[in-house]
Structure formats: C-alpha cells, structure tokens
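Following: one structure in structure tokens, then a few remarks.
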Amino acid sequence: METGKSIPEVAADLGIHSGTLHSWVSRARRNGSPSSDRPVAEASPGGRLRESEHAELDRLRAEAKEKDKRIRELEMKRDVCKRFVALWVK
C-alpha cells in the first residue's frame, strides 16, 4: 500500500503467495491492522492515549502482574508436590 507496487510484485519480492498478501492488505484496509481481525479503535489526536484508555492500560498491567504472581506461586506449589511425590515413591 505504501510503495504503490502491485500485490503480486510485493508478494514476489517477499517470497510469499500473492493470495496471502492480498488477504493481509484487505484486512489492513478493513480493520486498520493486518494482524487483527477486529477494527482498530480510534486513537486520540497526536497518538496519545485518552485518559480512559490510560486507566484501562494501568488496570490491565496491574491485572497481568497479579496473574504472573499467582502463576509463580502455583508453579512453586507444583514443584513442591513433584518433590514430595518423588520422595514418597522411593
């Protein structure tokens, strides 16, 4: 889209099937992102996040941090159980 070349030309340059590239270009035109099946949300002017988006991002980061903490805790419990079973079987 940026180079002005045709899809078959760019596909040949990249070494991919032109149908694949056509699909990506169509999706990008339709949704704003070739890697997403959902439309991209409108960004605020200047590329900055809106306050609500910033708050949601902070909330999601905190949630991810809590989930990572829980995962580490469960992995430690799993490891203890594995050791216990190994000792019990002996």
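Details
- Any chance GLU56 is at pLDDT 95 or above, open to solvent by less than 100 Å² (accessible area, probe 1.4 Å) and in a helix (DSSP H, G or I): no
- Taking region 1-18 as the range and being open to solvent by 100 Å² or more (accessible area, probe 1.4 Å) and either among the charged types (D, E, K, R) or part of a helix (DSSP H, G or I) (or both) as the test, the residues that pass are GLU2, LYS5, ASP13, LEU14.
The values are calculated or read from the model by the stated rules, or taken from the named source; none is laboratory data. Please read all numbers here as calculations on a predicted model, not as lab measurements. The protein model used for the area step is the full one, side chains on, heavy atoms only, and it has no ligands, DNA or RNA in it. Shrake-Rupley method; radii C 1.70, N 1.55, O 1.52, S 1.80 Å.
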